[in-house]
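Everything on this sheet refers to the single structure shown next.
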Amino acid sequence: MTKDSYNLTKLSIKQWSEEDQPREKLMLKGKSVLSNAELIAILISSGNTELSAVELSKKILESVNHNLADLGKLNIRDLMKFKGIGEAKAISIIAALELGRRRKETDASEKTKITSSKDAYNYMYESLSDLPHEEFWVLYLNRANLVIKKERISIGGISGTVADVRMIFKMAVELLSCGIILVHNHPSGNKEASRADKQLTVKLKEAGKLLDVPVLDHLIFTDNGYFSFADEGLI
């Protein structure tokens, strides 16, 4: 590293030459040319007494092996462990990552057709990936297996969540759904169905029969794959 480049890292963004400032670089060359560190540097605006905003951003990224999905798992307290990252900056980073996740959800077709467990898994990936806690969701389908709506039924802790049978089928009736797919995640990464998972599936399957709204599948979601009750012949 030359003396000049070393001095550059010590300067605040506002003191850099125009082509080296992330904000100006974005305006001059477009957002796609910026590195992840430069984008985060724009969010936090300044670094600390030892590191510039970009260098501090690089340090944060290095802590998660430059994996943005893992960065999205960090909470406010995790980010505030870095010198120069206060509560406001931590919130800015978390909010930006959440907006990116929601944008991907919005980009997905509102009328996705589900023809397999893999389709259901892919459809739910943006909603359930990277979560540190369990959530229970339901996909409501029409007669053509198009998604009418996906609904989060409950949020739980690290090892469990609750599914309200009445809430699930009340919405199914209101939406005139012709079938539903149950989905809940295991943050631990364990794809195996627990005894409670199996009992709940039977309970919901029987309720669906009474209301003529069949439970088509129940997926246990993990970031690295899934378990399908339908694929395993358990529905």
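Here is a list: G189, G156. Which entry is touching a Ser or Thr at 6+ places or on another chain (Cβ under 9 Å) and farther than 19 Å from A230 by Cβ?
After ruling out the rest, the residue left standing is G189.
Quick check on this structure: which one of L28, L97, L79 is among the hydrophobic types (A, V, I, L, M, F, W, C), at pLDDT 95 or above, in contact with a helix residue (DSSP H, G or I) (Cβ under 9 Å, 6 or more places away or on another chain) and not assigned by TED's automatic domain parsing to the domain that holds L128? Write out each step before concluding.
Values: L28 fails: at pLDDT 95 or above; L97 fails: at pLDDT 95 or above.
When all the criteria are applied, what remains is L79.
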query: Of all residues in the range 19-40, how many are among the hydrophobic types (A, V, I, L, M, F, W, C) and over 22 Å from the mean Cα position of the chain (by Cα)?
result: 5
- request: Go through the range 189-235 and give me each residue that's of a type in the set (D, E, K, R) and either in a loop (DSSP other than H, G, I, E, B) or not assigned by TED's automatic domain parsing to the domain that holds R143 (or both).
  value: K191, E192, D212, D223, D231, E232
task: Test L200 against the criterion of being surrounded by 15 or more Cβ atoms within 10 Å (Cβ to Cβ), touching a Ser or Thr at 6+ places or on another chain (Cβ under 6 Å) and either over 27 Å from K113 (Cβ atoms) or aliphatic (A, V, I, L, M) (or both), and give yes or no.
output: no
message: If I ask for residues that are within 18 Å of the chain's Cα centre (by Cα) and aliphatic (A, V, I, L, M), which ones from the range 56-73 would you list?
response: L61, V64, L68, A69, L71
- line: Picking from S57, S117, the residue that is in the same structural domain as F136 (by TED's automatic domain parsing) and either among the hydroxyl-bearing types (S, T, Y) or surrounded by fewer than 16 Cβ atoms within 10 Å (Cβ to Cβ) (or both) would be S117
- request: Go through (1) farther than 19 Å from Y121 by Cβ; (2) touching a strand residue (DSSP E or B) at 6+ places or on another chain (Cβ under 8 Å) and name the single condition E192 misses.
  value: (1)
field: Test for I148: is it among the aliphatic types (A, V, I, L, M), part of a strand (DSSP E or B) and modelled with pLDDT of 95 or more
entry: no
- prompt: With (1) out of contact with any Pro (no Cβ under 7 Å at 6 or more places or on another chain); (2) in the same structural domain as N190 (by TED's automatic domain parsing); (3) in contact (Cβ under 8 Å) with a residue 12 or more places away in the chain as the list, and L68 as the residue in question, which single condition is left unmet?
  reply: (2)
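The values are calculated or read from the model by the stated rules, or taken from the named source; none is laboratory data. In this text, all values refer to a predicted model and were calculated from it rather than measured experimentally. All Cβ positions, even for glycine, are placed from backbone atoms using ideal geometry, and neighbour counts span all protein chains on display.
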